[in-house]
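Bear in mind these aren't lab numbers, they're just calculated from the coordinates by the rules spelled out. Since this is a predicted model, take the numbers as computed values, not measurements. A quick note on method: Cβ atoms are made from the backbone with ideal geometry, for glycine too, and the neighbour counts reach across all protein chains shown.
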Amino acid sequence: CNIVSVTSPSASTLNVIWSSYDGSSFYVLDLRVVNSTDIAPVMLTVSSTQRLVQGLRAGQVYQLTLSAYGMLYVPLCTVIKMTMTVPAASQITSSQAISSTSIKFNWSNVTGVESYILFVEERFSSPLRIYNRTFNSSCGQMDGLTPSTTYDCYIYSSNSAGRGAKSNTKTTITLVQPPTNVTLTATGKSTARVTWNPVSKVLLYQVTVRDIGRPNKPPVVRNSQSTSMDIGYLEPCSFYIVGVSSVNIFLVPGEPSTVAYNTTRFLLFGVGGYLAYQVIPKTWAAVQSITKLPAMLDGVCRAINTQTEMLREQNRKLDTILEQNRSLAAVGLSS
């Protein structure tokens, strides 16, 4: 006996093809789920050398036994082969654009799956652009997409037998790209103005101001219909992250373009200010991911306060000396 091929056209079927055996009158197919005694076996008597077996379990490993019989049910040969059905179709349960170039997905788990293949088709593109990625869990993210673009998304469950059926299709639109050239200009000791370049077809922007030295303090979020905004109530000796996002027609903001801003340099002016201005702002990119940044800022502020107190003490001493000189001069004039 020789089994030529076994394929799984669907999650509940196996197509079995075998070679003809000389002298055989019929064949018997016996399919049993491996390591399971609760599922009844499937047994078929066949006179040809091909059979599509239906009514099987999705994503299951089967032991396939093919036996050839002659006249009067005389057994002629037997062969055993391990095979598997493809998994059932998984369904996308949620899809959400998390940026102008990325969409996040969740889908249902199915039995007997080894991987999930996610497809994302760009609607209205010519030629059609299709992205795909393979995942081993029930969630994933597709990156590298085009901003403000409509995508049709679907998924296939897969194992060694092949792909299951196509899932439902979810249509998702990526968010709007963030504005460029975001800059901050000081307008006072506790105020600043943020400006940015306009984005085509965007009528609303969202500005977020976050004090990174105070993580428990909620950020300040405001909307703007222009390409600038004045921000105030900035505390001294603090670092801020200011982000500007484009808002789409569904009033959902995209990812922000961010800029770092500190109020330390205004306090340092005239008190060793040049050194601190060089160290703090110009090494921002190198220290922004360091967890000790708030402690470093506190140290800088303590140093500033110490220098300020020293200057105040020197001024008090000078005032005392000047007062003494005035007294001596007054005595001399009176005599």
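Label zone (Ser228, point 7 Å along Cα-to-C-beta; backbone nitrogen cut-off 14 Å) within segment 183-202: 183-188, 192-198.
Annotation: amide H-H contacts under 5 Å for Thr93 (H modelled 1.01 Å from N, sequence separation of 5 or more, or interchain): Asn106, Trp107, Ser108.
For segment 33-151, count the residues as N, evaluate 2.2 N^0.38 Å, and divide the Cα radius of gyration by that value, please. Write down the numbers at each step before the final one.
On the way: Rg = 22.3 Å, N = 119, 2.2 N^0.38 = 13.5 Å.
That works out to 1.65 for segment 33-151.
Two decimals is fine: what's Rg over Rh for segment 57-96, C-alpha atoms, Kirkwood radius as Rh? Mind dumping the intermediate values first?
Values: Rg = 18.9 Å, Rh = 13.5 Å.
Ratio value, two decimals: 1.40.
What ranking do 147-158, 36-47, 165-176 get when scored by the average of other Cβ atoms within 10 Å per residue, highest first?
Result, highest mean first: 147-158, 165-176, 36-47.
When the expected Rg is taken as 2.2 N^0.38 Å, what fraction or multiple of it is the alpha-carbon Rg of segment 91-210?
Working: Rg = 19.5 Å, N = 120, 2.2 N^0.38 = 13.6 Å.
After normalising by residue count via 2.2 N^0.38 Å, the value is 1.44.
If R0 is taken as 30 Å, the Cβ-Cβ distance between Ser12 and Gln141 corresponds to a FRET efficiency of 0.40. Please list log₁₀ I(q)/I(0) at q = 0.20, 0.28, 0.30 Å⁻¹ for segment 10-53, using the Debye equation with identical point scatterers on the alpha-carbon positions. Once normalised to I(0) and log-transformed, intensities are -0.72, -1.08, -1.15.
Once backbone amide H atoms are built at 1.01 Å from N, Asn248 has Val176, Gly254 as its partners under 5 Å, excluding neighbours fewer than 5 places away on the same chain.
Out of every Cα-Cα pair in segment 197-262, what percent are more than 21 Å apart? Looking at segment 197-262, the distances longer than 21 Å represent 25 percent of pairs.
For segment 105-133, backbone nitrogen atoms closer than 19 Å to the point 7 Å from Ile98 Cα along Cα-to-C-beta are found at 105-109, 116-121, 131-133.
Let me check I've understood the local charge: for Arg129, count other residues with C-beta under 13 angstrom from its C-beta, Lys and Arg +1, Asp and Glu -1. What total comes out? Walk me through the numbers before you get to the answer.
Working: positive: Arg123; negative: Glu121, Glu122, Asp152.
Charge balance in the 13 Å sphere: -2.
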